[in-house]
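Reviewing the structure listed below.
Quick note: the coordinates plus some simple rules give every number you see, no bench work behind them. Worth saying up front: this structure is predicted, and the values here are computed from it rather than measured.
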Amino acid sequence: MSYDNPPPPPPPQYGAPMPGAPGANHPRATLILVLGILSIPCCGLFTGIPAIILGNTAKKEIAASGGTIGGSGAVNAGYICGIIGTVLSVLGLIINIAIRVS
């Protein structure tokens with residue numbers, strides 16, 4: 001055993017995040033996910049468009065953070081659900097108008 005080398009650093013304390021692990025989730029990640037999910041079955045354009053807009057800005061903020069902000073999975077899921085809900089709502093409106101006109 002050599003006494004010339006310094007001892008290794010101690011392990012992190014209990015409950016401390018591991019080095020290199022992503023930080024806390026984006027503050028609006030859950031909101032974006034809820035808006036995106038609600039846009040599919042019931043609220044359509046009223047929650048789909050905000051999910052798309054907020055999801056796009058949150059994705060840019062997460063990418064710019066360099067890994068210090070997490071929650072990209074929830075943001076992406078809400079963003080995609082918002083797109084699906086908006087498209088389904090627009091298709092439903094078009095079909096409804098086409099049926100009523102004919």
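Listing for the model above:
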{"item": "Relative contact order %, the chain, counting alpha carbon pairs below 8 Å whose residues are six or more apart", "result": "33"}
{"item": "In degrees, nearest ten, helix 45-64 long axis to first principal axis of the chain (Cα)", "result": "30"}
{"item": "Acute angle (nearest 10 degrees) that the helix 29-38 long axis makes with the longest principal axis of the chain, alpha-carbon atoms", "result": "30"}
{"item": "Share of alpha-carbon pairs per 10 Å distance bin for the chain, given as whole %", "result": "16, 30, 20, 14, 9, 6, 3, 1, 1, 0"}
{"item": "Projected-area mean, the stretch 59-102, by convex hull of Cα positions, square nanometres", "result": "3.3"}
